[in-house]
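I have placed the structure first, in the form of structure tokens, so that the comments after it can refer back to it.
The values are calculated or read from the model by the stated rules, or taken from the named source; none is laboratory data. A quick note: this is a predicted structure, and the numbers were derived from the prediction, not measured. Neighbour counts are summed over all protein chains in view; Cβ atoms, including those assigned to glycine, are modelled from backbone coordinates with ideal geometry. These accessible areas exclude ligands, DNA and RNA; they are computed on the full protein's heavy atoms, side chains included. Shrake-Rupley method; radii C 1.70, N 1.55, O 1.52, S 1.80 Å.
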Amino acid sequence: MRATKIFTVLVIGFFATSCVTEIGPAGEDGVVEIYTSTIVINSNIDFGVVDEFVSIASYEWNNLDEATVDYGVVLGYLRFEGSTNWHALPFSTPFENDVVVLRYSFDINNFDLIIEGEVADNNEVNEAIFDGDELRVVAIPSSLLLKGKGIDYSDYEQVARLYNLER
């Protein structure tokens, strides 16, 4: 990995380790950055119920610029506690009598992790499925996007190798 700055951020009751990798051609401030963050999901603190099917955890950030949000790529991956595999979001899993979908949305100020179930008022149970699991967010500015046949952005290991990210 080339030059890396690592810092810890306290946001909404959890700790996230962020890594900003400086690579590529210089931007306005002399550096083009890829932003990565790993968050341990705490279902008791992170999620708020939106309705009887949906819960959302909002994680604030201030690392992205408008161009990255509009023209770059922001990716989300999930690793289950005790596992070494990363799963690309959106991710769906059958659970008891429900099918639970984990997806995300983002803008320049935050990343929302969204849990949606098919059974009404099952939010707390659905949230608990992901308690202790890790969420990894990767934001790649358009100027650093690698394009070509065979690049699979749903494969975190491949993305990590291509962009020299933490594995």
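The table that follows gives values for the structure above.
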read-out	value
Percent accessible area from carbon and sulfur atoms, the stretch 18-167, protein chains only, probe 1.4 Å	46
Intensity falloff of the stretch 106-167 expressed as log10 I(q)/I(0), Debye formula with alpha-carbon point scatterers, at q = 0.17, 0.20, 0.22, 0.24 Å⁻¹	-0.82, -0.95, -1.02, -1.09
Separation of the A128 and L145 label points, Cα + 7 Å toward Cβ, nm	4.1
Stretchable slack from D121 to V54, in nm (0.36 nm times residue separation minus alpha-carbon distance)	23.2 nm
Accessible heavy-atom area order of F91, F111, F106, highest first, probe of 1.4 Å	F106, F91, F111
Accessible solvent surface per residue of the stretch 83-167, calculated while the other protein chains remain in place, 1.4 angstrom probe, Å²	51
Equivalent ellipsoid, the stretch 59-155 (semi-axes from 5 times Cα gyration tensor eigenvalues, Å)	27, 16, 12
